[in-house]
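Have a look at the structure below before the remarks.
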Amino acid sequence: MIAILVDAFVKATVLLLLAGAGTWILRRSSAAVRHLVWALACGGVLALPLASALLPSVRLAGWPRFDAPVGFDVHQVSGQPIAAAVPRTDAVRSASGPAAAPATTVTTVTPAADEGPVRFTATTDWRAWIVPIWLSGVAVVLILLAVGIARIWWLDRSTTASRDESWRRLTVDLSRELGLTRDVRLLQATGPVMPMTWGVRRPAILLPGDAEAWSMERRRDVLLHELAHVKRHDFLIQLIARVACAVYWFHPLVWLAATRLREERERACDDQVLRAGATPSAYATHLLEIAGGLRAARATSLASVAMARPAQLATRLIDVLDPLRRRDTLSPRLALPAWIAAIVIVVPLAAAAPRVAEPASVRVDTIPRRFDPDARSRRPRAVAATRPVTRVVLDSLRGCPENRDAQRHSTSTHQNNDDLSIVTTVGDCTVRLSSRGKFQFTRDFSDIASVPSDGQVVIEVDYGAHDRRLMVGPQERIYKIDGDVRPFDADAKSWLTETLTFLLRRTGYQAEARARWILDTRGIQGLIEEFGELTGDYTRRIYYQAAVESGKLDAAGYERLVTLAGQTISSDYELAELLISISKTQPLTDQMQAGFVTAAKTIESDYERHRVLTAALLRPGLTPAMQSAMLDAAADINSDYELAELLIELNQARPIDEAVRPAFFQAANSVQSDYEHRRVLDAVVQRQGTSPAMLRDVLISAKAVQSDYELAELLSEIGGSYALDDSLRPPFFAAAATLNSDYEHSRALLSVIARGTVPQPVALAVLESAKGISSDHELAELLLAVMTHVKVDEAVRAAIRADAQTIGSQYERGRVFEALERRSGQAPLD
């Protein structure tokens, strides 16, 4: 672990120094460009340890090396026997090969007759404390970050949304101006809190309590600054930088990079405001007054993006007032070279590793001495020679994963016509099969059966300290160990069988054919046992696929197979392909349901989970219980688009019956995007044969839609298409009451009135809901429409008069009363 920390420290230092040099070269560029460089650097230092573990090592002679220490050292004290090194040249035969090992030295202990017992002392190595200290530092920084996130979560839940329509309208206009597609929530605190933003999927902007008294110019500048943070995903980038500081808390350059990242972030957002037309002097005044009069909410500095912290204000004001500064935005055309440069730097840097000399001899363990019952006589006597006990490192592929770099592995397969090259690496072991011409394996895949007349197959294994190589031609075989030709005997054949089995299991080459052979010779149980020997998700999926297509599994076997696949296949794509194949070809019985749903829930990719559940849900003959279980799995899909598509496809494919309805709307209610949520509900509304119970659930679910436009669109569709009977009327007007926009509220109510003949209870409900419209013009237009389309009896007349009394504009109120006098007692015009 210490070697990993030191390696990460060295690589992070190189990366951050390169980033610092890059930002110095780009010092005359815009702040957005320099911010991208520091963001890529902070993300790069986090990716370095993971990439180093996954990528094959590139050994460099000059790369610094630090071996991991032991926790304590053992030292002999007085009375210890002297060990004499006796050379021994016995050849130690490898357990898997006939090659003789190099000469070794066996340490034999010869005790003296007058010596007392052997004693040892242990001294602690201070380096053993490095890892616990590092973990403690990581925990401290992450706990502080968690406290900040918890504080943000509490603010998000406890702060109310801004009710000022002008603020909301300005937010929508500026979001459209910036090309921001995400819905931004506007929250208003009760005290003097500095403007700040947070959130990734549902970003929020926090305003101070007196924000309503701000001038329009200050409102626009503050919102532009905070919306720029949202568009640039600064909250997420800051979290990444904080995690990098936690992992590298001991590295001063990482903290410096995080500071520079924060400074350039604020400058980039300032540039966005000035590019939008703000006056530099006025904007500088806003920053100064906000920094002087407002403070960030407690414990939020690590997890939020505040507008004007005093610590960095001086340099920002100078930059704002500097007319020569470049304030260009960051276009994809400029960002792409930076991403490519980061990849080009991080990947080779992660693969770099020190060159390590291979051991020159086989390790031998010895028994130091044997108990002598006559030692108490104190007379010298000869001690019989003790036979050493040896432990030999096996020359075997099974031994490869035991070396220090076992976590590093890679596989590549290249085929050009009939020429093939397969290479797989595990730690320091490399297995390679290359062929010229099309060859054939034996039926059991343990040997090469045939090679074309002009072809050749070469199988070789590089174990690090030595290697084996077999060249198979049309008429002969040449077998070598460390370059020396050896006979192709039984040991060589055993090595070849092991090597080919290892290669085929790891790479998946000829997986279909080999799986069929296992099925034919060892049956389905043999194939299931083979699953435990496989590596690589592609290979596992091919073998699972062969079991599925074999037709030899019963219902319990399919359930076991699906459960096993969910536990062993980590690739979302491969697991999705297998589950889709099963759902299309096999009946999803009750016994298979639990395993199928459990496996589907392990898929993290929203797209792949959508594919799996769609394939299963669209099959005919599914029981309601199975549909509900799969919809429950669908509710965990994070992507609003993927979840909405799944629900829309299900609604189009089959009617949602009473048993499935609760699970369907539970999944629909988990959609966070107002647009996608409305799309799902609208698909239900537009489907022919939708039951009143479904419509009632649609209206109940619609109350969660926060966008006035999306909710009004849905309510207008329902109001214009369906009669609001006693079951639909309460949830319809309850949803309409949540509309904050007077225009959208009026539009939703007009859809009910304009539909045609309107019963008196519906008309009265419309007029009751209209009391929530504060706009004089919108309310007057709605009341005039009611008088046009509804028979004005005494009850309706009284309700219209009551609504009209709330109109503040004398002109609009006069229009309503004048029309009311004309329409009293008359039938509707339509």
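The values are calculated or read from the model by the stated rules, or taken from the named source; none is laboratory data. Quick caveat, the model's predicted, so the values are computed rather than measured. Positions of Cβ are generated from backbone atoms using ideal geometry, with glycine treated the same way; all protein chains shown enter the neighbour counts. Accessible surface is based on the protein model in full, side chains and every heavy atom, while ligands, DNA and RNA are left aside. Shrake-Rupley method; radii C 1.70, N 1.55, O 1.52, S 1.80 Å.
Output the residue which, of all residues in the stretch 206-220 that are open to solvent by 80 Å² or more (accessible area, probe 1.4 Å) and of a type outside the set (Gly, Ala, Ser), is nearest to Ala189 (Cα to Cα). It comes out as Asp210. Taking every residue in the stretch 674-696 that is in contact (Cβ under 8 Å) with a residue 24 or more places away in the chain and closer than 15 Å to Leu715 by Cβ and pairing it with any residue that is open to solvent by 30 Å² or more (accessible area, probe 1.4 Å) and hydrophobic (A, V, I, L, M, F, W, C), at least 6 positions away or on another chain, the pairs with Cβ-Cβ distances below 8 Å are His677/Ala704. How about the stretch 202-242: which of its residues are closer than 26 Å to Ala257 by Cα and among the aromatic types (Phe, Trp, Tyr)? Listed by number, the list holds a single entry, Phe235.
For first residues located in the stretch 249-275 and within 17 Å of Ser301 (Cβ to Cβ) and part of a helix (DSSP H, G or I), partners that are open to solvent by less than 10 Å² (accessible area, probe 1.4 Å) and among the polar types (S, T, N, Q) and lie 6+ apart or on another chain with Cβ distances below 7 Å do not occur.
Here are some residues: Ala555, Ala513. Which one is small (Gly, Ala, Ser), closer than 27 Å to Leu433 by Cα and surrounded by fewer than 21 Cβ atoms within 10 Å (Cβ to Cβ)?
None of the other options fit; the residue is Ala513.
Being crowded, with 19+ Cβ neighbours inside 10 Å, modelled with pLDDT under 90 and under 30 Å from Thr563 (Cβ atoms): is that true of Gly526 here? Here the answer is no, as Gly526 does not meet what is asked. Set side by side, the residues Leu575, Leu561 differ, and just one is buried (at least 21 other Cβ atoms within 10 Å of the Cβ) and modelled with pLDDT of 85 or more, which is Leu575. Check whether at least one residue in the stretch 648-664 is open to solvent by 30 Å² or more (accessible area, probe 1.4 Å), closer than 22 Å to Ala629 by Cα, touching a residue at least 40 places away in the same chain (Cβ under 8 Å) and in contact with a helix residue (DSSP H, G or I) (Cβ under 9 Å, 6 or more places away or on another chain), and report yes or no. No; the residues of the stretch 648-664 include none that is open to solvent by 30 Å² or more (accessible area, probe 1.4 Å), closer than 22 Å to Ala629 by Cα, touching a residue at least 40 places away in the same chain (Cβ under 8 Å) and in contact with a helix residue (DSSP H, G or I) (Cβ under 9 Å, 6 or more places away or on another chain). For the stretch 750-773, the set of residues classified as touching an Asp or Glu at 6+ places or on another chain (Cβ under 6 Å) and not in a helix (DSSP H, G or I) consists of Ile773 only. On the given criteria, is Val786 open to solvent by less than 50 Å² (accessible area, probe 1.4 Å) and within 23 Å of Ser721 (Cβ to Cβ)? Against the criterion (open to solvent by less than 50 Å² (accessible area, probe 1.4 Å) and within 23 Å of Ser721 (Cβ to Cβ)), Val786 qualifies. Scoring Val698 on the criteria (1) surrounded by 19 or more Cβ atoms within 10 Å (Cβ to Cβ); (2) not in a helix (DSSP H, G or I) leaves a single failure, condition (2).
Within the stretch 437-449, the residues that satisfy the criterion of being in contact (Cβ under 8 Å) with a residue 12 or more places away in the chain, of a type outside the set (Phe, Trp, Tyr) and either out of contact with any Ser or Thr (no Cβ under 6 Å at 6 or more places or on another chain) or farther than 22 Å from Thr411 by Cβ (or both) are Gly437, Lys438, Arg443, Asp444, Asp447, Ile448. Among the residues of the stretch 435-492, those that are open to solvent by 40 Å² or more (accessible area, probe 1.4 Å), under 30 Å from Val58 (Cβ atoms) and of a type in the set (Gly, Ala, Ser) comprise Ala465, Gly483.
With respect to Trp38, is the statement that it is more than 21 Å from Leu135 (Cβ to Cβ) and open to solvent by 30 Å² or more (accessible area, probe 1.4 Å) true? No, not satisfied.
Candidates are the residues of the stretch 162-185 that are exposed (fewer than 13 other Cβ atoms within 10 Å of the Cβ) and under 21 Å from Ala213 (Cβ atoms); the one that is farthest from the chain's Cα centre (by Cα) is Ser166.
Within the stretch 276-299, being closer than 17 Å to Arg218 by Cβ and outside any helix (DSSP H, G or I) holds for Ala276, Gly277, Ala278, Thr279, Leu294. On inspection, Leu519 qualifies as open to solvent by less than 30 Å² (accessible area, probe 1.4 Å), more than 17 Å from Arg432 (Cβ to Cβ) and not small (Gly, Ala, Ser). Using the structure shown, decide if Arg432 is open to solvent by 30 Å² or more (accessible area, probe 1.4 Å), at pLDDT 85 or above and under 29 Å from Ala351 (Cα atoms). Here the answer is yes, as Arg432 does meet what is asked.
So, Gly551, is that one on the phi > 0 side of the Ramachandran plot and in contact (Cβ under 8 Å) with a residue 24 or more places away in the chain or not? Criteria not met by Gly551. Among the residues making up the stretch 5-19, those that are over 15 Å from Ile345 (Cβ atoms) and open to solvent by 30 Å² or more (accessible area, probe 1.4 Å) are Val6, Asp7, Phe9. Of the residues making up the stretch 711-730, those that are open to solvent by 20 Å² or more (accessible area, probe 1.4 Å) and either in contact (Cβ under 8 Å) with a residue 12 or more places away in the chain or in a loop (DSSP other than H, G, I, E, B) (or both) are Glu713, Ser716, Glu717, Gly720, Ser721, Tyr722, Ala723, Asp725, Asp726, Ser727, Arg729. Within the stretch 236-262, the residues that satisfy the criterion of being open to solvent by 30 Å² or more (accessible area, probe 1.4 Å) and within 19 Å of Trp198 (Cβ to Cβ) are Leu236, Ile237, Leu239, Ile240, Arg242, Val243, Arg262. Of Arg127, Arg151, all but one fail to be modelled with pLDDT of 85 or more, of a type in the set (Lys, Arg) and surrounded by 13 or more Cβ atoms within 10 Å (Cβ to Cβ); the exception is Arg151.
Looking at the structure I just gave you, is Glu778 over 45 Å from the mean Cα position of the chain (by Cα) and either of a type in the set (Phe, Trp, Tyr) or open to solvent by 30 Å² or more (accessible area, probe 1.4 Å) (or both)? It is true that Glu778 is over 45 Å from the mean Cα position of the chain (by Cα) and either of a type in the set (Phe, Trp, Tyr) or open to solvent by 30 Å² or more (accessible area, probe 1.4 Å) (or both). Only one of the numbered conditions (1) in contact with a Ser or Thr (Cβ under 9 Å, 6 or more places away or on another chain); (2) open to solvent by less than 70 Å² (accessible area, probe 1.4 Å); (3) more than 19 Å from Leu714 (Cβ to Cβ); (4) assigned to a helix (DSSP H, G or I) is violated by Val792, and that is (4).
Whenever a residue of the stretch 617-633 is farther than 13 Å from Phe596 by Cβ and assigned to a helix (DSSP H, G or I), its partners that are β-branched (Val, Ile, Thr) and open to solvent by less than 50 Å² (accessible area, probe 1.4 Å), lying with C-beta atoms within less than 9 angstrom and at least six residues away or across chains, give the pairs Pro624/Val660; Ser628/Val660; Leu631/Val660. Close contacts from the stretch 138-166, counting a first residue that is more than 30 Å from Ser774 (Cβ to Cβ) and a second that is in a loop (DSSP other than H, G, I, E, B) and modelled with pLDDT of 85 or more, with Cβ to Cβ under 6 Å and a gap of 6+ residues or different chains, come to Val141/Trp249.
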